Structure formats: structure tokens, C-alpha cells
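In what follows, a single structure is set out as C-alpha cells and then discussed.
The values are calculated or read from the model by the stated rules, or taken from the named source; none is laboratory data. Keep in mind that this is a model prediction, so the values were computed, not measured. Here Cβ is always computed from backbone atoms with ideal geometry, including for glycine, and neighbour counts include all displayed protein chains.
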Amino acid sequence: MPEPNGASTPSIEARRINKHFGGTIALKDASFSCQAGSIHALIGENGAGKSTMIKILSGVTIPDSGTILINGKPSTVHSPADAAQQGIVAVFQELSLMPTLTVAENIFIADPPRNRFGLIDQKRLSERTRQFCGELGFEHIDPDALVSELPLATRQLVEITKALSRNPRVLILDEGTSALSIHDVNLVFRVIRRMRDEGRSVIFISHRMSEVEEIADTLTIFRDGEDVGSFPMGGVGRDEMVQLMIGRKLEQVFPPKPEVKPSTTAVPLLELRNLGWEHALTDISFSVGKGEIVGLGGLDGQGQGELLFALFGLLRGLHGQIVIEGQPRNIDGPAAAAQAGINLALIPEDRKTEGLVLPMGVGSNITMSILDKLSNFGLIDQKREQASIQRTIERLQIKTPSSRLRARSLSGGNQQKLVIGKWLLTEAKIYLLHDPTRGIDVGTKQEIYQLMRALADNGAGILFFSTELSELVGMADRVLVLYEGRIFRELKGAEITEKNIVSAALGLEMGQSAALAEIEPALS
């Protein structure tokens with residue numbers, strides 16, 4: 001888009017970019033520019049064209065037409081290597097790390113230190129990584145840890161570190177903070193502010209509006225493959241930003257909570273009695289009633305993920321009892337969790353590696369959980385299968401030109417709908433949701449909130465963990481805050497506030513005079 005009179009030459013610019021994928025228009029005469037010494041946010045719904053634009057800027061995707069300029073000069077960016085040579089490095093939501101290598105080997109994979117025999121010097125590699133992570137403020141990352149053994153949040157931080165090791169002039173973060181804790185987000189923000197102060201550029205994509213408002217200098221909004229506005233941060237209010245993103249006024253974000261609370265005397269759908277697992281979970285006891293949404297709060301890594309995995313039969317060596325509708329159950333795997341009489345469904349944290357088979361088609365992903373119900377004598381009833389696929393696509397408004405399209409081609413929000421749709425067909429009674437709106441746009445988030453409440457209104461029980469405090473406040477009938485693998489506090493009704501959740505997440509007792517200097521940054 002044109003620069004104001006007197007403005008300096010952008011460090012990177014895209015003019016009138018067009019890109020089609022088959023019959024789908026991803027970008028239509030879209031333009032974007034980012035100044036040196038600026039943090040420029042790019043926002044829009046999933047499928048708006050943001051990721052396609054930054055993939056073009058970083059050489060992953062070739063445009064059908066249009067011009068790329070770097071420091072004012074037309075440039076060809078035909079591969080990520082081309083982009084890196086010109087100082088452009090991107091971090092995508094889909095991580096590129098090699099799980100069988102260590103953190104250090106991943107970060108410096110392109111240029112590891114070598115000994116006089118030409119072999120990789122592991123000691124120097126580890127020391128170099130430790131020093132570099134320390135300079136960034138990422139001292140808690142272990143250079144010698146295998147990536148496969150790291151939680152998603154740490155893997156995402158390693159991906160960012162790997163990009164920074166290339167000393168980019170333009171760093172692109174495409175949902176690069178979506179899995180990070182509040183603490184790690186603040187560390188990353190400190191680094192990219194330093195880059196801005198050094199005259200470098202950062203293109204920042206996030207669906208967390210609070211992050212965009214906190215970090216960005218400039219904002220560009222995409223909708224339906226076009227750029228619909230560019231503003232200095234603070235130049236438009238949040239409501240106007242959302243309206244520009246989705247093309248309509250966003251109604252109440254969270255559906256109203258029911259005035260009639262679930263019965264406390266009825267047999268719960270799910271009950272845990274003194275559940276424990278290794279050092280991650282200790283004496284976990286609570287219940288989820290029919291029609292109830294229970295939120296899991298606390299800082300990331302306090303046992304929330306292990307708790308959901310334990311319920312779905314993915315952990316061995318559990319202590320205590322899992323009780324489904326009054327009956328103690330031994331859930332020894334996902335197949336047992338999903339079987340009749342238990343009827344659990346898990347929407348995992350990482351939809352790409354844990355929720356979907358990306359090379360398979362949309363339809364095949366939808367029906368993979370009910371193939372036994374669609375089969376007669378080992379043969380799939382294709383008519384019933386197609387009916388189930390079409391019903392799910394229409395119910396969740398999954399945007400896809402064909403049910404045969406590979407799942408990897410969908411936007412993040414539509415992929416998440418796909419994961420949810422797969423489990424809706426099982427008619428589960430209890431839904432376990434791990435950060436269900438991570439990395440998706442505000443419009444799709446609202447659709448998922450409505451779906452969660454509708455499932456509860458129809459009698460399902462929902463247990464969900466979210467890294468967004470507003471979701472816990474807006475959606476949960478009760479919030480269980482975990483601290484060091486234990487339920488530290490249960491919040492109900494008017495007690496469910498962001499400040500109370502953060503206070504409990506820090507291990508502070510009710511009424512305790514908390515150090516506001518400790519709590520307020522966590523809320524920001």
C-alpha cells in the first residue's frame with residue numbers, strides 16, 4: 001500500500017499480489033509494507049490471506065502476479081533460502097524442528113561449529129547455544145534436550161530462537177506466540193522490541209488482540225484476500241478492528257451462562273478421586289456435571305495437559321479413580337476412552353500433529369473416528385459416509401471447496417473445526433479441550449464458544465484448559481486453578497475473575513496481600 005508523503009522506504013513491501021490455489025482466491029491485488037525500525041501487526045480471520053502473504057514474502061510460496069520490493073528495489077524471493085540471504089526469516093505456526101535432534105542441533109543446524117576433523121563439535125555447539133539463549137533471556141532452554149521430549153510451548157520458543165540465530169533484518173512471526181505462556185511471551189516481546197530499537201523490522205501475526213495492542217506500532221487488516229486498512233496502533237478501537245476483519249459487527253463474544261446451574265445432587269458425568277501421576281499430578285479430585293463447563297486455569301505446565309491426557313488414557317501408572325456416570329473405569333487408551341459407556345473426546349493442543357492426519361482429505365479426517373459405525377462386513381457404506389461428512393461441514397461451516405481437499409490446505413481455524421467435527425460424530429458425552437482456540441481468529445473463536453455452550457445445553461460435560469484468561473472468565477461455570485500439579489483453588493460465580501485466576505496461578509491464598517507488581521504484568 002502507498003506510503004505517506006515523506007515516509008521512508010519500507011524495508012519490505014508487496015504490491016498488488018495475486019495468488020490462487022485451484023479455484024480458491026487466496027490474495028486479490030493485496031498490498032503490504034513494513035518500515036525499518038517497526039513492529040507491524042498483520043491481522044484478519046483465518047483464510048483472510050495473512051499466511052499466504054507472509055509465505056510469499058519469505059519465499060515459501062510464489063505469487064501468480066505482483067511485485068516484491070526489499071529496501072525499495074524489486075526482488076525475487078523464490079525460496080526460503082533466497083529470503084534468508086536477503087535478511088528475511090519467518091517463524092510459522094507449523095514448526096520446522098527435527099524432533100530427533102537436540103535443541104542446539106536444531107538452532108544451529110545450518111552452521112554448527114566443527115572440530116579440526118570437520119565433525120560437529122558437540123561441546124562448543126552446546127556452549128554456543130547456551131550463551132545465545134542467555135543473551136535472549138531464554139536461559140531455561142536446555143541446549144542438550146531432545147526436541148521430541150519438549151512441550152509444545154518450549155518447542156515454539158526454540159523455533160523462534162532458531163530464526164533469531166540467523167540475525168534477520170526482517171523477522172516474521174506467524175502465530176509465533178500462540179502456544180507460549182505469559183512469561184515466555186514477555187521474553188519474546190523484549191527481544192523484538194530490541195530488534196525494533198536496532199532499526200530492524202518485525203511482522204507480527206497473532207489472534208490474541210491483547211498481544212497486538214501491546215506490541216505493535218502499526219496495524220494492517222486483511223479480509224477475504226485483500227488489504228482493507230492500515231493504521232497506526234491505537235488509531236482504531238478494538239470493535240472497529242474486529243468489524244474490519246470479519247466484515248460485520250461482532251455480537252457478544254461469549255454466549256450467556258445459564259442462570260440455572262447444573263444439579264449438584266445428580267450423578268456427575270465425570271468424577272476424579274485422588275488422581276495422581278508421577279510428579280505431575282497429585283490428589284486431583286473434582287467432578288463435571290451434565291451440562292457443565294469447567295475451566296482449568298493456572299500457568300502453563302502446572303499439570304493441565306497431563307490431566308487431560310490421563311483422562312483420555314494416554315498416560316500409564318495412574319493412581320486414584322476415574323468415575324464415569326457413577327462407574328469406576330479403567331481407561332487404558334484412546335480407544336477405551338471413546339468407547340460406548342465412557343464416551344470421551346479429546347481436542348488436543350496441537351491440531352496438526354495430534355488431531356489430524358494432514359495428508360488425508362477433509363472427509364477422511366472427519367469420519368476416521370466412526371469408521372466402525374459406517375462399515376458393513378468390513379466395507380464402508382460410502383453413501384452414509386458422505387452424508388456424515390457433508391452434515392459436519394455444514395454444521396461447523398468448514399470452508400473447503402471439496403471434502404477431498406487435503407487437511408493441510410485448510411486455514412488454522414478450519415483445521416480446528418475439523419478436529420472438533422470428527423469428535424462430534426461420536427456423540428461424546430464428555431469433551432476434553434486443550435486450548436481449543438489457540439491460533440484462530442475472533443470470528444471462529446466465537447463460533448467455537450457457541451458450540452461449547454450448545455453442547456453443554458444438550459447435556460454434555462466440558463473440561464477445558466485455556467491460556468487466555470478471558471475465555472475462562474467468559475465460558476466456565478467453575479474454574480479449577482492448578483498449581484504444581486494440584487488443584488490450588490476452585491472459583492465459582494463472581495469469584496471467576498482474571499485477577500483471582502492469576503493470583504491462584506501464582507500460589508497466593510485468597511485474601512493474601514499479593515504483590516501487585518507480580519500479578520499485574522501477568523494480566524497484561
Looking at Arg408, is it under 29 Å from Gly289 (Cα atoms), surrounded by fewer than 17 Cβ atoms within 10 Å (Cβ to Cβ), modelled with pLDDT under 95 and basic (Lys, Arg)?
no
Restrict the check to the stretch 26-39 and report whether at least one residue is under 20 Å from Ile192 (Cβ atoms), surrounded by 14 or more Cβ atoms within 10 Å (Cβ to Cβ) and among the aliphatic types (A, V, I, L, M).
yes
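Residue by residue, here is whether (1) basic (Lys, Arg); (2) in the same structural domain as Gly493 (by TED's automatic domain parsing); (3) in contact (Cβ under 8 Å) with a residue 40 or more places away in the chain holds:
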site	(1), (2), (3)
Gly298	no, yes, yes
Asn330	no, yes, no
Ala338	no, yes, yes
Pro348	no, no, yes
Considering only residues of the stretch 258-278 that are within 30 Å of the chain's Cα centre (by Cα) and modelled with pLDDT of 90 or more, which is surrounded by the fewest Cβ atoms within 10 Å (Cβ to Cβ)?
Glu278
How many residues of the stretch 13-25 are within 25 Å of Ile192 (Cβ to Cβ) and either out of contact with any Cys (no Cβ under 9 Å at 6 or more places or on another chain) or exposed (fewer than 15 other Cβ atoms within 10 Å of the Cβ) (or both)? The answer is 2
Can we say Gly459 is of a type in the set (Gly, Ala, Ser), out of contact with any His (no Cβ under 7 Å at 6 or more places or on another chain) and not in a helix (DSSP H, G or I)?
yes
Restricting attention to the stretch 182-207, which residues are surrounded by fewer than 19 Cβ atoms within 10 Å (Cβ to Cβ) and part of a loop (DSSP other than H, G, I, E, B)?
Glu198, Gly199
Flag if Glu468 is more than 19 Å from Leu311 (Cβ to Cβ) and assigned by TED's automatic domain parsing to the domain that holds Gly276:
yes
Taking the stretch 436-478 as the region of interest, how many residues are over 29 Å from Gly47 (Cα atoms), out of contact with any Asp or Glu (no Cβ under 7 Å at 6 or more places or on another chain) and surrounded by 20 or more Cβ atoms within 10 Å (Cβ to Cβ)?
1
Within the stretch 218-235, restricting to residues that are of a type in the set (D, E, K, R) and part of a strand (DSSP E or B), the one that is nearest to Gly247 (Cα to Cα) is Arg223
Consider Gly66 carefully, then state whether it is assigned to a strand (DSSP E or B) and either of a type in the set (A, V, I, L, M, F, W, C) or surrounded by 14 or more Cβ atoms within 10 Å (Cβ to Cβ) (or both).
yes
Filter pass, Arg438 being within 27 Å of Phe21 (Cβ to Cβ) and in the same structural domain as Leu296 (by TED's automatic domain parsing)
yes
Taking Gly44, is it within 22 Å of the chain's Cα centre (by Cα), crowded, with 24+ Cβ neighbours inside 10 Å, over 19 Å from Arg408 (Cα atoms) and not assigned by TED's automatic domain parsing to the domain that holds Asn414?
yes
Can you tell me which residues in the stretch 197-239 are of a type in the set (Asp, Glu) and more than 23 Å from Lys399 (Cβ to Cβ)?
Asp197, Glu198, Glu211, Glu213, Glu214, Asp217, Asp239
Residue check, Val502 against (1) modelled with pLDDT under 90; (2) over 28 Å from Gln450 (Cβ atoms); (3) among the aliphatic types (A, V, I, L, M), all met but one. Which one?
(2)
Any residue in the stretch 229-245 that's more than 13 Å from Asp441 (Cα to Cα): show its pairings with residues that are assigned to a loop (DSSP other than H, G, I, E, B) and modelled with pLDDT of 90 or more at Cβ separation under 8 Å, as long as the two are six or more apart or on different chains.
Pro232/Asp217; Met233/Ala216; Met233/Asp217
